[in-house]
Ligand SMILES: NC(=O)c1ccc[n+]([C@@H]2O[C@H](COP(=O)([O-])OP(=O)(O)OC[C@H]3O[C@@H](n4cnc5c(N)ncnc54)[C@H](O)[C@@H]3O)[C@@H](O)[C@H]2O)c1
Ligand SMILES: [Zn+2]
């Protein structure tokens, strides 16, 4: 078992271990007392783990209610968010009661935003069930839903009171979900940990979930504590994401996020190596690791289309854009470049 304390505007523990679902009730009740719990989940995750969680909450003396919605990013919208708020209101939830989010990043982002705004804020717990949510979405307090005009465009910074990551839940992930989570793990290794890079090169992530997730969460903690509201160093967590988001946009969001991030990291690293920011060995090592995890290293869109999409992305401030550029395995830096140079960066990274 690993416990990582996050000291942001709210302090809370992230606990990572197998078998945590069964203990969730006792751990949540220790903080919430006899409060009521609204379990929020998607139907797929709930069918796998919902009853076990409800049972655990009830046996700890908590009264429960549930809010379920169909799985998928398209449900992370204002309509689902509104329906959750109305359910909380109808069930007469108060500021003493808790939201318990069971699922991947979609569930966590949506439940967190409802927790941030229902009655101006009620406590919530994250129980991440995807690798991506465990290493990224469940920690750090970014909550949001999508608008027709863009992803995560309505949201709030709002920290959970507890994060419980039961690594047993990760055993039912599809290969695609697993792969995509691994892309984010590779990202952490590239921005801050040559040790993690070595460990996941030698041994698949799924064979040592607890250690890998704990390392990633510790790195996220450092970035969040230094920059909770994402105005500076937290940006490093966006390595691979500028071009990755652009690739996602070009695909009409058909491309899985983790695969897009893998492509974005590979292109950025090739470009950085060609321009002398990092040595060739860094590019080789990154591409080799991505391939070992079955992740793509080429972007199947034109440089023009990608540059246009990247410029439209929210990270483009005025005429310049901030890119996260690798210097070596375990170290990246933020480079502000003119938006007009994006084409050059992409072409140098092998995009036609
Ligand atoms: N808040 C943040 O800081 C942050 C960071 C990164 C990503 N995100 C958000 O997270 C979302 C993506 O997260 P995600 O990939 O976890 O998506 P997700 O929640 O849609 O989960 C992916 C799929 O896996 C299924 N699933 C979840 N857990 C499972 C399990 N244990 N076994 C089997 N199937 C399971 C879900 O039903 C879903 O179909 C995006 O909306 C993204 O914007 C947020
Ligand atoms: Zn990501």
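Angle between the Cα long axis of helix 241-250 and the longest principal axis of the chain, 0 to 90 degrees, nearest 10?
On a 0 to 90 degree scale, this one is about 90.
Compute the long axis of helix 257-274 from its Cα atoms, compare it with the longest principal axis of the Cα atoms of the chain, and write down the angle in degrees, 0 to 90, nearest 10.
In the chain, helix 257-274 runs at an angle near 30 degrees to the longest axis.
What share of all Cα pairs of region 36-147, in percent, falls into each consecutive 5 Å distance bin?
Bins of 5 Å from zero give 2, 13, 26, 26, 21, 9, 2, 0 percent of pairs.
For a distance above 28 Å, tell me the whole-number percent of Cα pairs in region 210-350 that qualify. All intermediate terms of the calculation are to be shown ahead of the outcome.
Working: 1352 of 9870 pairs.
Looking at region 210-350, the distances longer than 28 Å represent 14 percent of pairs.
Please quote Rg/Rh for the chain to two decimal places, taking the Kirkwood radius as Rh and restricting both calculations to Cα atoms.
That ratio equals 0.97.
Take the alpha-carbon centre of region 202-216, take the same for region 105-136, and report the distance between them in whole Å.
23 Å
Which distance in nm do the two modelled labels at residue 331 and residue 83 give, with both placed 7 Å along the Cα-to-Cβ direction?
Reported label-point gap for residue 331 and residue 83 is 5.1 nm.
Per 5 Å bin, what is the whole-percent P(r) computed from every C-alpha pair distance within region 156-248?
Values per bin, smallest distances first: 2, 11, 20, 23, 22, 16, 5, 0.
Roughly what angle does helix 209-226 make with the longest principal axis of the chain, taking Cα atoms, 0 to 90 degrees, to the nearest 10?
Computed tilt is about 80 degrees.
Determine the distance separating the Cα centre of region 265-323 from the Cα centre of region 48-103; give it in Å without decimals.
Between the Cα centre of region 265-323 and that of region 48-103, the gap is 38 Å.
Can you tell me the Rg and Dmax of region 95-188, counting just the alpha carbons, in angstroms?
In Å, with Rg to one decimal and Dmax whole: 13.4, 39.
If the viscosity is 1.306 mPa s and the temperature 10 °C, what translational diffusion coefficient in µm²/s does Stokes-Einstein give for region 1-100 when Rh comes from Kirkwood over Cα pairs?
108 µm²/s
If the viscosity is 0.890 mPa s and the temperature 25 °C, what Stokes-Einstein diffusion coefficient in µm²/s follows for region 139-179 when Rh is the Kirkwood radius over Cα pairs? Mind showing how you got there, number by number?
Working: Rh = 12.8 Å.
For the chosen part, D equals 192 µm²/s.
Calculated from DSSP H runs of 4 or more alone, at -39500 (n - 2.57) each and per residue, what is the 222 nm mean residue ellipticity of the chain, nearest 500? Don't skip to the end; give the middle numbers.
Working: 12 runs with 159 residues, N = 352.
Helix contribution divided over all residues of the chain: -14500 deg cm²/dmol.
If you wrap a convex hull around the C-alpha atoms of region 50-105 and split its volume per residue, what is the figure in Å³?
Numbers: hull volume 5.4 nm³, N = 56.
For region 50-105, the hull spanned by Cα atoms encloses 96 Å³ per residue.
Want the number for residue 254 to residue 92: 0.36 nm per residue separation, take away the alpha-carbon distance, what's left? Could you put the intermediate results ahead of the total?
Numbers: separation 162, 0.36 × 162 = 58.32 nm, distance 3.87 nm.
Between residue 254 and residue 92, full extension yields 54.5 nm more.
Please work out how much length the chain gains when fully extended from residue 206 to residue 120, using 0.36 nm per residue of separation minus the C-alpha to C-alpha distance, in nm with one decimal. Numbers along the way, then the final one.
Numbers: separation 86, 0.36 × 86 = 30.96 nm, distance 3.89 nm.
My answer for the length gained is 27.1 nm.
Quick note: the coordinates plus some simple rules give every number you see, no bench work behind them. Because the structure is predicted, anything quoted here is derived from the model rather than measured. Quick reminder, even Gly has a Cβ in these numbers, built from the backbone with ideal geometry, and neighbours come from all protein chains shown.
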